[in-house]
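Asker: First, the structure itself, so that you have it in front of you.
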Amino acid sequence: MTAILEVRNLVKEFPGVKALQGVDLDVVEGEVHCLLGPNGAGKSTLIKCVSGAIEPTAGEILFMGEPLPQGDPAGSLKRGVATIYQELDLVPDLSVAESIFLAHEPRHWPLLDLDKMYRASEALLARLGHESIPVRAKVGKLRPAAQQIVSIARALSGDVRLLIMDEPSAILDEGEISTLFEVVRRLTAEGVGVVYISHRLDEIRRIGDRVTVLADGRTAATGIPATTPTDRLVELMVGRKVEQLYPDRPVGTDRVLLQVRDARRLPAVRGVSLQVRAGEVVGLGGLVGSGRTELLRLIYGLDPLDDGEIVLEGKPLKAGHPRAAIRRGLGLAPEDRKSQALVLDWSETKNVTIADLGRFSRVLLDIKKERETARKELRALKTVPDDPDRVVRLLSGGNQQKVVLARWLLRQCRVLLLDEPTRGVDVATKAEIYRIISELAASGLGVLVVSSELEELAHICTRVLVMREGEIVAEVDGKDATERALLRHAVAPTDAPDLVEEVV
Amino acid sequence: MSDEETSTTTVTVGETTAAEGGSGESVSIIASVPPTDHGWLGAISKDAQAAAEKHDDVEFELLQAADADSQAQQIEQAISQKPDVLVVLPQDGAALTPVAQKAERAGIRVVNVDRLFTAPDAATATILGDNYQIGVLAANYIADELKCQGNVVEIQGLAGISVTTDRTKGFTDTIRQKCPGGGLKIVASQPGDFNPDKGLTVMENILQAQSDIDAVYTHDDDMAQGVVQAIRNAGRDDEMFLTGVGGSQDAMQQIKEGGLYRATFLYNPNMAASAVNMARLIGLDEGFSELVPPEVPRQVVVPAAVVTKDNVEEYEQYAFD
Amino acid sequence: MTDTAQTWRGALGRAKTLEFQEYALAIVVVLLFVAGAILKPDTFPTWDNIRNMLTQSSVVGVLAIGMTFVIATAGIDLSVGSMVAAAGVFGGIMVGTDGTSSLVFILAAILFATFLGTCNATAIAYGRVVPFIATLAMFSIARGLALLLNDKLPVSLLDLNGGSFGDPRPFSLLWFGVGRIFGIPVSVFVFLAIAILGWVVLNRTRYGRYVIAVGGNREAARIAGVPVRRIIFSVYVLSGFLAGISTVLLCARLGSASPVSGNLYELDAIGAVVIGGTSLAGGRASIVGTFLGVLTFALIFSLMTQLNMSTEIQQVTKGLIVLGAVLLQRPEARY
Amino acid sequence: MTDTAQTWRGALGRAKTLEFQEYALAIVVVLLFVAGAILKPDTFPTWDNIRNMLTQSSVVGVLAIGMTFVIATAGIDLSVGSMVAAAGVFGGIMVGTDGTSSLVFILAAILFATFLGTCNATAIAYGRVVPFIATLAMFSIARGLALLLNDKLPVSLLDLNGGSFGDPRPFSLLWFGVGRIFGIPVSVFVFLAIAILGWVVLNRTRYGRYVIAVGGNREAARIAGVPVRRIIFSVYVLSGFLAGISTVLLCARLGSASPVSGNLYELDAIGAVVIGGTSLAGGRASIVGTFLGVLTFALIFSLMTQLNMSTEIQQVTKGLIVLGAVLLQRPEARY
Ligand SMILES: Nc1ncnc2c1ncn2[C@@H]1O[C@H](COP(=O)(O)OP(=O)(O)OP(=O)(O)O)[C@@H](O)[C@H]1O
Ligand SMILES: Nc1ncnc2c1ncn2[C@@H]1O[C@H](COP(=O)(O)OP(=O)(O)OP(=O)(O)O)[C@@H](O)[C@H]1O
Ligand SMILES: [Mg+2]
Ligand SMILES: [Mg+2]
């Protein structure tokens, strides 16, 4: 088999950071090569060097045996290197079709061939099982998951020789991931090479052929088979064994903290009632678009309620007023950290303390104390680097997530709403987050966790609620919850049963 | 404004006494004027410069400011250079009064040109044109031409400064006095900001609104070019005539040719030269303000003149371009 | 999965904001016109007056089309007014006093404005100076040049060839000011042509998509292979070029080139663009909106001068109308 | 992991860009001063001249501090210059012709400017009008009011009590213009006090943090519990309030309130803020930078007038210096 991509001794230094310190990687025709590594290991940096988004400091990148032009995204694209980036890098103001074909639009010189563009886009989306995404709509108006599909469609829109995917599954649900894998398999059968990055280790075995493990900017192992036991992979990644991924399941008390009564905001949420008790971790499962995020936003007061009531510790919450909610002890870690959680140009400290500045301010802010406190919280989450002055924009995706979590850990809440808290987080840190969630619950908080990883819900929750089309369709006790059972509820009865089969 | 008592002195102050002042020492004069991006003001600064160059014993510096506030700042800086005399043509008389007072108090004599300071102790001597009188002359001219019967449009200068206010007031007051029957109507009165392109668009709109216009009184010759153009573009140059203010070459030329441009009203920009001469005299004669020699009057008002086709030849020497 | 698919359709309903804004602004334009027709029934709703308003809007209108491209890339061009003045005077001195050729003036003015725009472009795209500062500097420099080039004097352009007043020869300078084709002023044709061309380029060419992409998400555009720097460069050159055309339209009507002309045109142009729904943050641009914005300002100005309001009342009224227009077209809640 | 951890400590990856820009601007200020000292050794580097430049910068300086807060929220306030004019005239007519009280003027001017700022704030925060348009409307309205309030005439303020010129009583109006404490003009004290207070508020209080959060990421700020709307409201009120103070400083020096004063102050203020490194996109603000930016403009102005350049040369030179200053402080590549 011929090598499509050979990376030799690649070095990338950012000012003050050596993100890559001599990394090797080779991808051959028709294989799916998985990249693994803890947050901040340099995975994204590596693939950005290949795609031309950034220029490596030193080292060699050969594509089909020839050196790839460095720092030239258009050049890489032209040779057939298609990339799906970790952060959704789309232009919100372009339509779906325009985004898919940006920089290689079909043209009737000198005008755009809009018809062809729309037709080709529809075909591509259909291939991904999403023919319903309107190709004329502005990308910014789509939900993140749909945007991710657009990114994938974009990557497939040209002649692909090498497809690079940086955590494409993070915001997709099981069904969409299956479709994606189907497409990947078809591509590899045609001889396309694939680089696949994910923190979901189960996916490695489902789709991968070989694995390269990065740790700390170095290759810890390269080209090992995807069948390598998970334990071993984790050990390579984090340099130690992760003893226990899931903590003990919290039991909960009888004291009701949060009560949602028939909350309604059409079309996403159609009458939801639920309770969160002190000491409980309540999971909220479902497919993407089932309305979980919308529900959390309603509870938190970000959107006005059409109908219904949110009651916190016996007293109703004023709808549409997040500040009131925060004051009463609610906290929300939103799903899209970049657009909804972080001030990217701020230091880690400021991002951590923004929701709880009162604690540091008499008249003036005590910035020394602020910094120290932030550092402590960041350390507790093993954020890398835990330098409190570091600008958040420059952190790796997973570490940004930790900064958001640190914010709400600092502000001691009564009820914590977590929307996809482990999205983009590495295994070791996941274990850490699970442990923290469980400890918080043990200390008397109520936690409501939304996750698309049904497996983790099945392991960490006292109870799991399953949402479908804006309604809660099932409540499963934690002890009885399995990924398979949850998925059954999440998928509409009419949906293809083979989807369930395929996943489990 | 007291034009009656003070307008007696001629414009040629200083020329006669210039020779006898040669006491060997030199006089430093700083002149401050508004931005000279405008015909009349440009002529003012050129004339001042030229007048200064005629005298060996004058150290002359000319400052230009963008607006009243920066002119105040400039004069403050000038004060710190301690010249003998400051010649100030203020952008806005009221706004520049305190800083002139400050100069006077610092022992620097101030000669106020064209636009009056609002306090008497702000200047040692004043030489000014009379904007109110320009309005009066324009009103008289137009009223006579139209025999107190017809529609007049006024295109003003920049709103909110004394030049504009005075030119408007002189005009409207006189129209009211002269044509008490109300036969002469000011049908539109809009600012053109001394700017030809603003004058153009404003006049274009007024031409739309007014189907019958007999005369246009504009506050400035440069701006009037835009107004003229609007009228010509509309093909209505036979319907009305127009007057300007200032005395630009262009305006004089058009007056000579006859047609739309009928008259302009000017006070000689040479008043700047007179101001420099006056400043030199004051500077040479220390303690002048105590002595008050009769040959240097405290206030000189340069009379405004009407320039029409009949007398344009004799005024052409004063035209600026 | 069909259910989730269905809900994505819902997204389409929300992509209407810009269009809504355009409609709302069109209503404002109609309202203003109706107000004029009621207040001045004899003179306002006449063909002559409409022609006049369109002619007047053409100068700032052409600038505003260029400005739409600049603002679409999240930039700004404060120098257009000064460039108009400088280009006019430059063209004027090029033809000289014996000047006989309209073409020389037109070419010289457009070339000079384009040159100034290219200076902006270089400072911004290659010197990496913030657009606000770079064009603020040019705002000052170009005004200085306008004064410097002909010793602060205006240049008369009435003697250019082809130019008898009543009936200027086609393509002579004055023809652009007072000439008509099928009863419509040439300058209106020029404005409309540029607006339509602008719409096509922005919405129907690759270049236009690049412009939006650069303004919407520069980094995303870059990694998609958009030549970001060249696009940024180009919009300022374009803005300069259109300032040149605007100069021609202004000087043709004015019959002269004045170093003090073009004052605050940048504010009018930017105002028209923003009121038309183009976002100063970049990425969202509407030529139709800009066109309507320009008309709005022209209507306000024309109406108020025709009503012979005094300056101070005009200024207050203008502010209130602008505010009202925007409140009327306000889209959904933003925070 | 320890070795990389160490390199992470490396200074450069931190939020140093802004500091770098501030240093670079400080160098520009020094260079301009040195240039002045060389070109005009007798008059430029004198205590008198420094005092003079500081006094001159105080008016726009106070506006620029307010503008820094506004721009930090990704807003803009185009109306400050007009507000200065309107507040001055309003204060002037409040004291009337028999006016004896400086305090009445000062309070009236500040209150009126604050009121106008509150109108901006309401339109933007509650009417959801784009800041550019809302304040453009106020730019026009306030200028109209300035002309309207006293029938286009300036108001003399020389007769206010305490106000003989040579030696005004403390806290009388003229004292703010010409009074001195320890040889330093009162207006300089006012400016410095406001700058320092501004720095403290922006960098060391919860409010300041919120202001920047709103500009940096409005949605994230809202979710983190920042009262976004109130913050946005407040910065425009603050800008109005500081415009009031600026009015007092200006009128105190001029001894009168003119309806045409404050022209283009907004451009100077915004220019100083942007040159100082505050981003027009919001989320990044530097009071020190603004202060240096104001000094830069004051130095350029003073130097050029002392060299007695003509207006047009001044304009060209000013543009070139501004461009040079920004090129000198240009941070790393942005695209
Ligand atoms: N532009 C940049 N400037 C400075 N440092 C950077 C920059 N981009 C990334 N880094 C740093 O380089 C390191 C590697 O980041 P990278 O994004 O490649 O990690 P990753 O392996 O993709 O992590 P994750 O799993 O969290 O996505 C991180 O420590 C990050 O802080
Ligand atoms: N920005 C948006 N534009 C249009 N519709 C939206 C938007 N956001 C949410 N929706 C609608 O709300 C429904 C629920 O979406 P939501 O994101 O809350 O689901 P979710 O279960 O949290 O999915 P995810 O796993 O992606 O967070 C979607 O089906 C969608 O139609
Ligand atoms: Mg990554
Ligand atoms: Mg969600």
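Bear in mind that the values in this text are calculations on the coordinates, not laboratory data. This structure is a prediction, so every number in the text was calculated from the model and none was measured. When we count neighbours, we look across all protein chains shown, and the Cβ atoms used for this are built from the backbone with ideal geometry, even at glycine.
Asker: Using the basic label-point model (7 angstrom from Cα toward the beta carbon), what is the A:Arg119 to C:Ile313 distance in nanometres?
Answerer: According to this spin-label approximation, the distance is 6.2 nm.
Asker: Right, here's the next one. How long are the semi-axes of the equivalent ellipsoid of the stretch D:16-76, taking √(5λ) for every eigenvalue λ of the Cα gyration tensor, in whole Å from largest down?
Answerer: Working: eigenvalues 157, 59, 9 Å².
Largest first, the stretch D:16-76 gives 28, 17, 7 Å.
Asker: Also: Which of A:Lys318/A:Lys382; A:Lys241/A:Lys382; A:Lys116/A:Lys141; A:Lys48/A:Lys369; A:Lys315/A:Lys376; A:Lys350/A:Lys430 have a Cα-Cα distance over 27 Å? Numbers along the way, then the final one.
Answerer: On the way: A:Lys318/A:Lys382 36 Å; A:Lys241/A:Lys382 16 Å; A:Lys116/A:Lys141 23 Å; A:Lys48/A:Lys369 38 Å; A:Lys315/A:Lys376 34 Å; A:Lys350/A:Lys430 24 Å.
The pairs that break the limit, which is 27 Å between Cα atoms, are A:Lys318/A:Lys382; A:Lys48/A:Lys369; A:Lys315/A:Lys376.
Asker: Dipole size in debye (nearest 20) for the stretch A:1-76 around its Cα centre, Lys and Arg Cβ +1, Asp and Glu Cβ -1?
Answerer: 360 debye
Asker: Here's another thing I want to ask about it. Over the Cα atoms of chain A, Rg to Rh with Kirkwood Rh, two decimal places?
Answerer: My calculation puts Rg/Rh at 0.96.
Asker: Need one number: nm distance between label points at A:Tyr246 and A:Leu266, each 7 Å from Cα along Cα→Cβ, rounded to one decimal.
Answerer: Taking the two extended label points, one gets 3.9 nm.
Asker: Here's another thing I want to ask about it. Based on DSSP H runs of at least 4 residues, each adding -39500 (n - 2.57), what is the mean residue ellipticity at 222 nm of the protein assembly as shown after dividing by all its residues, to the nearest 500 deg cm²/dmol?
Answerer: Working: 57 runs with 767 residues, N = 1495.
When only DSSP H runs of four or more count, the value is -16500 deg cm²/dmol.
Asker: Karplus couplings for the stretch D:257-272 from phi (6.51 cos²θ - 1.76 cosθ + 1.60, θ = phi - 60°), rounded to Hz, Gly and Pro as x?
Answerer: 10, 10, x, 9, 6, x, 5, 6, 4, 4, 5, 4, 5, 5, x, 5
Asker: Stretched out fully, how many nm does the piece from B:Asp56 to B:Arg236 gain, at 0.36 nm a residue minus the Cα gap?
Answerer: 59.4 nm
Asker: Hey, what D do you get for the stretch A:283-441 in µm²/s if you plug the Kirkwood alpha-carbon radius into Stokes-Einstein at 20 °C and 1.002 mPa s?
Answerer: The diffusion coefficient I find is 131 µm²/s.
Asker: Which of the lysines could be linked to B:Lys82 by a straight reach, that is with a Cα gap under 18 Å, when you skip same-chain ones fewer than 8 residues away?
Answerer: Straight-distance partners of B:Lys82: B:Lys102, D:Lys40.
Asker: Roughly how many Å is it from the Cα centre of the stretch B:100-128 to that of the stretch D:279-312, as a whole number?
Answerer: 31 Å
Asker: When we measure straight from the Cα of B:Lys256, which lysines land under 22 angstrom away, once same-chain ones fewer than 8 places off are left out?
Answerer: Output for B:Lys256: B:Lys309.
Asker: Let me ask you something else. At a threshold of 8 angstrom on Cα-Cα distance, excluding pairs fewer than six apart, so keeping six or more, what relative contact order does the stretch A:254-391 reach in percent?
Answerer: Taking the mean separation of contacting Cα pairs over the length of the stretch A:254-391, I get 18 percent.
Asker: Assuming a ≥ b ≥ c are the square roots of the Cα gyration tensor eigenvalues, decide whether the stretch D:204-335 counts as rounded (a/c under 1.5), prolate (otherwise, with a/b larger than b/c) or oblate.
Answerer: On the way: a/c = 3.00, a/b = 1.41, b/c = 2.12.
Taking the square roots of the gyration eigenvalues as a ≥ b ≥ c, the stretch D:204-335 is oblate.
Asker: Based on the Cβ-Cβ distance from D:Leu107 to D:Asp151, what FRET efficiency comes out when R0 is 22 Å, to the nearest 0.05? Mind dumping the intermediate values first?
Answerer: On the way: r = 23 Å, r/R0 = 1.05.
Efficiency, from the Cβ-Cβ distance: 0.45.
Asker: Still on this model: Any chance you could give the angle, 0 to 90 degrees and rounded to 10, that helix D:186-204 forms with the longest Cα principal axis of chain D?
Answerer: Taking Cα atoms only, the helix is inclined about 30 degrees.
Asker: By Kyte-Doolittle mean hydropathy of at least 0.5 and Cα axial length of at least 15 Å, which whole DSSP H helices of chain A are selected?
Answerer: A:144-155, A:427-442
Asker: Please list, in chain and number order, the residues 5+ apart from A:Gly285 or on another chain whose amide H is under 5 Å from its amide H, with Hs placed from the backbone.
Answerer: The answer is A:Leu465, A:Val466, A:Met467.
Asker: What value does the protein assembly as shown have for Rg/Rh, both radii from Cα atoms and Rh as Kirkwood defines it?
Answerer: My calculation of the ratio gives 1.02.
Asker: Using alpha carbon centroids, what distance separates the stretch D:72-121 and the stretch C:20-53, in Å?
Answerer: So the two Cα centres are separated by 35 Å.
Asker: Below 14 Å, Cα to Cα, which aspartates and glutamates can A:Lys12 reach? Residues fewer than 8 away in the same chain don't count.
Answerer: Reachable aspartates and glutamates: A:Asp24, A:Glu55, A:Glu60, A:Asp216.
Asker: Around A:Val195, which amide H atoms from residues at least 5 apart in sequence, or from another chain, sit under 5 Å from its own amide H, with H modelled in the peptide plane?
Answerer: Result for A:Val195 returns A:His33, A:Leu163, A:Ile164, A:Met165.
Asker: Also: Mind jotting down the distance between the C-alpha centroids of the stretch A:119-187 and the stretch A:227-263, whole Å?
Answerer: Each part's Cα centre sits 30 Å from the other's.
Asker: Mind putting together the pair-distance distribution for the stretch A:246-296? All Cα pairs, 5 Å bins, whole percent per bin, short to long.
Answerer: 5, 18, 23, 21, 16, 12, 4, 1
Asker: With the crude spin-label approximation of a point 7 Å out along Cα→Cβ, what separation in nm comes out for C:Asp159 versus A:Leu364?
Answerer: Modelled inter-label distance: 7.1 nm.
Asker: How large is Rg/Rh for the stretch A:318-386, to two decimals, with Cα atoms and a Kirkwood Rh?
Answerer: Rounded to two decimals, Rg/Rh equals 0.99.
Asker: Oh, and also: Using the Karplus curve 6.51 cos²θ - 1.76 cosθ + 1.60 with θ = phi - 60°, what ³J(HN,Hα) values do you get for each residue of the stretch D:82-92, in whole Hz, with x for Gly and Pro?
Answerer: Going residue by residue, I get 5, 5, 4, 5, 5, 5, x, 5, 4, x, x Hz, with x marking Gly and Pro.
Asker: Over chain B, calculate the relative contact order: mean separation of alpha carbon pairs under 8 Å at least 6 apart, over the residue count, as a percent.
Answerer: 22 percent
Asker: Now for a different question. Hey, fewest Cβ within 10 Å first, where do A:His489, A:His33 land in order?
Answerer: Ordered by Cβ neighbours within 10 Å, fewest first: A:His489, A:His33.
Asker: Can you put A:Cys413, A:Cys49 in order, fewest other beta carbons within 10 Å first? Kindly include the intermediate steps, with their values, before the conclusion.
Answerer: Numbers: A:Cys413 22, A:Cys49 27.
In increasing order of surrounding Cβ atoms, one gets A:Cys413, A:Cys49.
Asker: Taking neighbour Cβ counts within 10 Å as the exposure measure, how do A:His321, A:His108, A:His130 sort from fewest upward?
Answerer: Fewest to most other Cβ atoms nearby, the residues stand as A:His108, A:His321, A:His130.
Asker: Moving to a separate point now. Please list, in order along the stretch C:172-184, the HN-Hα scalar couplings obtained from phi with the Karplus expression 6.51 cos²θ - 1.76 cosθ + 1.60 (θ = phi - 60°), rounded to whole Hz, x for Gly and Pro.
Answerer: Calculated HN-Hα couplings, in order: 6, 4, 5, 4, 5, x, 10, x, 9, 10, 6, x, 9 Hz.
Asker: Can you list the residues, at least 5 places off or on another chain, whose amide H is less than 5 Å from the amide H of A:Leu257, using H built in the peptide plane?
Answerer: Result for A:Leu257 returns A:Val276, A:Arg277, A:Ala278.
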